[in-house]
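Quick notes on the structure that follows.
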Amino acid sequence: MTPLLAWILLCVGGLFEVGFTTCLRNAEGFRNIPWTLGFLASVTLSMGLLELAARTIPMGTAYAVWTGIGAAGTVIVGIWWFGEPATTIRLLLLLGLVGCIAGLRITAA
């Protein structure tokens, strides 16, 4: 697998992490079947893409970027979809997280 494809798969996997956290919030203890199925599909795809990407990208870097995309995306979904606060400090911390993700990508072997 080419490094570019590995990075693309890793980023898509991170987006599916956002999907599974969003589905988990709505799954109602796994009693809401559509959201539960969305969670199961998203977590399977997310983990599978992480595993594929980690064959090329160093595991520590892949995991940190994957979780960073998931964390940043989940915060954004929380603000837009669930009305969570978008305070200046939260947005600055989110910007710092995105900067750290970019730094890991830039310094990866």
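The values are calculated or read from the model by the stated rules, or taken from the named source; none is laboratory data. Nothing here was measured: the structure is a model prediction, and the numbers come from that model. When we count neighbours, we look across all protein chains shown, and the Cβ atoms used for this are built from the backbone with ideal geometry, even at glycine. Surface areas here come from the heavy atoms of the whole protein model, side chains and all, with no ligands, DNA or RNA. Shrake-Rupley method; radii C 1.70, N 1.55, O 1.52, S 1.80 Å.
Before moving on, here are some points about what is shown:
- Taking θ as phi - 60° and the Karplus parameters 6.51, -1.76 and 1.60, the scalar couplings of segment 91-107 work out to 5, 5, 5, 4, 4, x, 4, 4, x, 5, 4, 5, x, 5, 5, 5, 8 Hz in sequence order, x denoting glycine and proline.
- Cα-based convex hull volume of segment 1-105 per residue, rounded to whole Å³: 93 Å³
- Label point at Y63 placed 7 Å out along Cα→Cβ; residues across segment 12-29 whose backbone nitrogen lies under 16 Å: 14
- Relative contact order %, segment 14-61, counting alpha carbon pairs below 8 Å whose residues are six or more apart: 38 percent
- Working note: 222 nm ellipticity from helices only, DSSP H runs with n ≥ 4, each -39,500 (n - 2.57), summed and divided by the residues of the chain, gives -28500 deg cm²/dmol to the nearest 500.
- The trypsin sites (Lys or Arg not before Pro) found in segment 1-90 that occupy coil by DSSP, while having at most 13 further C-beta atoms within 10 Å, are R31, R55.
- Solvent-free Debye scattering, log10 I(q)/I(0), computed from the Cα coordinates of segment 58-109 at q = 0.22 Å⁻¹: -0.78
- Candidates per chymotrypsin sites (Phe, Trp or Tyr not before Pro) in segment 24-78, loop by DSSP, up to 13 other Cβ within 10 Å: F30
- FRET efficiency for the pair T44 and T88, taken as 1/(1 + (r/R0)^6) with r the Cβ-Cβ distance and R0 = 41 Å, rounds to 0.65.
- Rolling a 1.4 Å probe over the heavy atoms of the protein chains gives the chain an accessible area of 58 Å² per residue.
- Here the accessible area of segment 1-82 is 74 percent carbon and sulfur, with a 1.4 angstrom probe and all protein chains present.
- Qualifying GluC sites (Glu not before Pro) in segment 10-81, where qualification requires a DSSP coil assignment and no more than 16 other C-beta atoms within 10 Å, comprise E28.
- Net +/- balance of residues flanking G38 in space, Cβ distance below 15 Å, scoring K and R +1, D and E -1: 0
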